[in-house]
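**Q** Following this message is one structure expressed as structure tokens.
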Amino acid sequence: MGAVADYPHPSSAARSANMRANRRTDTKPELALRRALHSRGYRYRKDYRLDLDGGKRVRPDIAFTARRVAVFVDGCFWHCCPEHGSKPAVNVGYWDPKLRRNVERDRAADTALLAAGWAVVRVWEHEPIEIAVAAVLAALGGSPGALGSSPGALGNSPAALGGSPGALSRGKPDSPAPAP
């Protein structure tokens with residue numbers, strides 16, 4: 001058997017405990033968005049695994065299966081927010097590829113979902129809940145052109161992903177969706 005590559009060691013026990021405490025699901029921003037959608041009468045699946053064509057698996061934070069809308073609430077650090085994403089100064093050789101791979105995985109999931117006929121909504125954790133809810137409601141309402149892509153959205157425009165207008169959102173929608 002070959003030698004195992006030296007895995008970067010944590011900078012401290014406290015840092016290890018902090019990173020272990022990060023949740024994959026049920027984060028505060030995700031809970032706030034789900035609570036707001038639920039209070040408006042919307043029902044959805046949370047952390048629902050979608051098995052797409054070609055063996056691709058995607059797990060949106062919120063999935064509206066009947067309307068084929070997948071919602072992701074992205075953390076600024078983990079998904080490299082252009083406004084608030086920070087680069088770690090320690091273990092750079094570990095963190096840079098890891099964070100870059102997270103963004104690449106996001107783009108691959110977006111592409112796979114769009115190809116499977118799903119609308120994709122991505123919101124940053126720092127966005128006000130009203131804006132996040134408006135983006136989701138616009139996608140659920142199916143109003144083409146109602147969703148915009150913010151300039152710092154890491155190439156998330158529907159055209160860049162080969163999708164239709166209104167298929168993907170990151171940022172503030174151009175106009176709020178009508179109330180259900």
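Read the figures in this text as sums done on the coordinates, not as results from a lab. Predicted model, so just to flag it, every value in this text is computed and none were measured. Cβ atoms come from the backbone with ideal geometry, glycine included; neighbour counts cover every protein chain shown.
**Q** Quickly work out the Leu52-to-Ala108 label distance, labels modelled 7 Å from Cα along the C-beta direction, and quote it in nm with one decimal.
**A** 1.1 nm
**Q** For Lys46, give me every one of the aspartates and glutamates with a C-alpha distance below 15 angstrom, ignoring sequence neighbours fewer than eight places off in its own chain.
**A** Asp26, Glu30, Asp61, Asp74
**Q** Hey, another quick one. If the chain between Ile131 and Lys28 were fully stretched, how many nm would it gain, using 0.36 nm times the residue separation less the Cα-Cα distance? Walk me through the numbers before you get to the answer.
**A** Working: separation 103, 0.36 × 103 = 37.08 nm, distance 1.60 nm.
Residue separation times 0.36 nm, minus the Cα-Cα distance, leaves 35.5 nm.
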